[in-house]
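All remarks here apply to the structure that follows.
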Amino acid sequence: STGKAKHVLKGHAGIVLSCAFTNDGLRIISNDEKLVKVWEATSGSCIRTISVEDFVSQSPASLSKKLTWTLSCVAPGLFTKFIIVACNNRFVYVFDITTGKEVASYFCKAPV
């Protein structure tokens, strides 16, 4: 082990808010306020980008609020094919890691 970076993951415009390996170690999930990215851990290449604007629609009450991702993580245990992403619109979204498609969304009473 050299202590040097194996890959530099480039592609986020803003500050990276979270970053984690999938349980199988094959992928890395990261997010800034606008983008969630899925990276191949072995090559460092980005294989999926999920934009907040592409998946989140604003309700009339929140039109003045800038929509942002606040946190991303990999679903626990054997559910490594899913990404969990929180948005400041009080929803938590579940995305399929392979397709990038929304699988479910859940409203939270408290801000997330």
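The values are calculated or read from the model by the stated rules, or taken from the named source; none is laboratory data. Being a predicted model, the structure only gives us computed values, none of them experimental. Cβ: placed from backbone, ideal geometry, glycine included. Neighbour counts: every protein chain shown. With ligands, DNA and RNA removed, areas are computed over all heavy atoms of the protein, side chains included. Shrake-Rupley method; radii C 1.70, N 1.55, O 1.52, S 1.80 Å.
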> Could you state the per residue volume, in Å³, of the convex hull enclosing the Cα atoms of the chain?
Replying inline: 115 Å³
> Once phi is turned into θ = phi - 60°, what whole-Hz ³J(HN,Hα) does the Karplus curve with 6.51, -1.76 and 1.60 give for every residue of segment 101-112, x standing for Gly and Pro?
Replying inline: 7, 6, 9, 7, 9, 9, 7, 10, 5, 9, x, 10
>> At 1.4 Å probe radius, can you tell me the per residue accessible area of segment 24-112 in Å²?
In response: 54 Å²
> Structure shown: which of 37/66; 4/37; 6/101; 37/109; 4/81 lie over 25 Å apart, alpha-carbon to alpha-carbon?
Replying inline: 6/101; 37/109; 4/81
>> Using 0.36 nm times the number of residues separating residue 94 and residue 8, minus their current alpha carbon distance, what extension gain do you get?
In response: 28.3 nm
> residue 47 label point, 7 Å along Cα→Cβ, cut-off 13 Å on backbone N: hits in segment 1-23?
Replying inline: 22-23
